[in-house]
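Everything on this sheet refers to the single structure shown next.
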There are 2 protein chains.
Amino acid sequence: MGRWQPDARGRLQLAALELYGEQGFEQTTVADIAERAGVTERTFFRHFADKREVLFDGASELERRAVEAILVAPPSCPPVEAVGAGMAAAAAPLDEVRDYSRLRAAAIAGHASLQERELLKLAALTAAATAALHERGVPEPAATLAAEVGVAAFKVGFGWWIADDATDTLTACIRSALDQLRALTSQPATRAAADR
Amino acid sequence: MGRWQPDARGRLQLAALELYGEQGFEQTTVADIAERAGVTERTFFRHFADKREVLFDGASELERRAVEAILVAPPSCPPVEAVGAGMAAAAAPLDEVRDYSRLRAAAIAGHASLQERELLKLAALTAAATAALHERGVPEPAATLAAEVGVAAFKVGFGWWIADDATDTLTACIRSALDQLRALTSQPATRAAADR
């Protein structure tokens, strides 16, 4: 194989996912991944800090898209709507890579340390969305609560989108999750009963 | 110091928190913690698997209380209300230990691997609340969405409760977060604008 690798990064990601699925995350070494991708270990480390980070490469780009969409939502847009628009914008490019996203989710579900990293990235997304709402002039606690709601809709919608029989786009799944969350929280409270 | 230690567990937890605050989590060894608590390392390992787990000792008990309260909520109680009752019940005993909870939160905030563990415990709480709602006959996606909303209210209310100037109980903070989340999600949608 020649030394010129036009898409070493993408091949490293795919090779890592395949190997995590075949032999498990713990059992897979950077050397294994590099070999499968046809590159050197040194090339691996030019692209990724460690074998965990291969899976979380897109997080900062996703966060950047979400923040941008929250900031450009019309001034009249209520906070939950603005976050919803942010999550939809963040999700849009993922619709191109559903199969990859399924493999990735399966790899993460199989390993606690990967789940932890995924949750930390989602917490960072929540914090970034909160900060973007602050920039829009949304006060506390509305900004934090709206960001939590939006990221919850993202998480739940993402789960639907990677299901075996799913056909809707990720954006549609997130929209639907947010709409159903709204319907659910608008059910009348029966506080006395719940406090029993 | 005698060999009989009536509250070795509690002293180990407090010693760990003090040391994490004073010298950082990474720099603190199990030997340091045991010495500060006046016990042997062996005693430490009788109580905790590692120095991370010292901080997450109460998670399964909190989860158990939440699940129990969700299951005993009146049949007429809507899903979000049932989860709210669960979070309030889970939170109640923490009101006795606000100072400890503040130290703990500060220690966790200072270290990514501790934040990750905390997020994983909250994800487990969400999953347990979802399962309890299923047991109540709540279908999907209502169960997952209601659990996400309830745990979001728990997280946000917890943040208020450990603030320097906070005086409300944790239960009241969670209730208030849930009420404000409801108000926020019931703001009329302006979908066309948000989709711009």
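The values are calculated or read from the model by the stated rules, or taken from the named source; none is laboratory data. Keep in mind it's a predicted model, so treat the numbers as computed, not measured. Methodologically, a virtual Cβ is constructed for each residue, glycine included, from the backbone with ideal geometry; neighbour enumeration extends over all protein chains shown.
Here is a list: B:152, B:143, B:90. Which entry is surrounded by 18 or more Cβ atoms within 10 Å (Cβ to Cβ), touching a residue at least 12 places away in the same chain (Cβ under 8 Å), within 21 Å of residue B:65 (Cβ to Cβ) and more than 13 Å from chain A (Cβ to nearest Cβ)?
Every option except B:90 fails the conditions.
Being in a helix (DSSP H, G or I), touching a residue at least 40 places away in the same chain (Cβ under 8 Å) and of a type in the set (Lys, Arg) is true for just one of A:104, A:46. Which residue is that?
Being in a helix (DSSP H, G or I), touching a residue at least 40 places away in the same chain (Cβ under 8 Å) and of a type in the set (Lys, Arg) holds for just one of A:104, A:46, which is A:104.
Scanning segment A:155-184 for residues that are surrounded by 17 or more Cβ atoms within 10 Å (Cβ to Cβ) and of a type in the set (D, E, K, R), which turns out nearest to the other protein chains (Cβ to nearest Cβ)?
A:182
Check whether at least one residue in segment A:18-28 is part of a helix (DSSP H, G or I) and over 26 Å from residue A:116 (Cβ atoms), and report yes or no.
Within segment A:18-28 (the criterion being part of a helix (DSSP H, G or I) and over 26 Å from residue A:116 (Cβ atoms)), the answer is no, since none of the residues qualifies.
In segment A:66-88, what count of residues is obtained for those that are in contact with a Ser or Thr (Cβ under 7 Å, 6 or more places away or on another chain) and part of a helix (DSSP H, G or I)?
3
May I ask you to verify whether residue B:62 is away from every other protein chain (no Cβ under 14 Å), within 16 Å of residue B:127 (Cα to Cα) and part of a helix (DSSP H, G or I)?
Yes; evaluated as a whole, the condition is true for this residue.
Here are B:58, B:84: which of them is surrounded by 13 or more Cβ atoms within 10 Å (Cβ to Cβ) and at pLDDT 95 or above?
B:84
What's the number of the only condition in (1) of a type outside the set (Asp, Glu); (2) without any contact (Cβ under 8 Å) to a residue 40 or more places away in the chain; (3) within 9 Å of another protein chain (Cβ to nearest Cβ); (4) part of a helix (DSSP H, G or I) that residue B:187 fails to meet?
Residue B:187 satisfies all of (1) of a type outside the set (Asp, Glu); (2) without any contact (Cβ under 8 Å) to a residue 40 or more places away in the chain; (3) within 9 Å of another protein chain (Cβ to nearest Cβ); (4) part of a helix (DSSP H, G or I) except (4).
Just give me the residues in segment A:18-52 being of a type in the set (Lys, Arg) and closer than 20 Å to residue A:100 by Cα, in sequence order.
A:36, A:51, A:52
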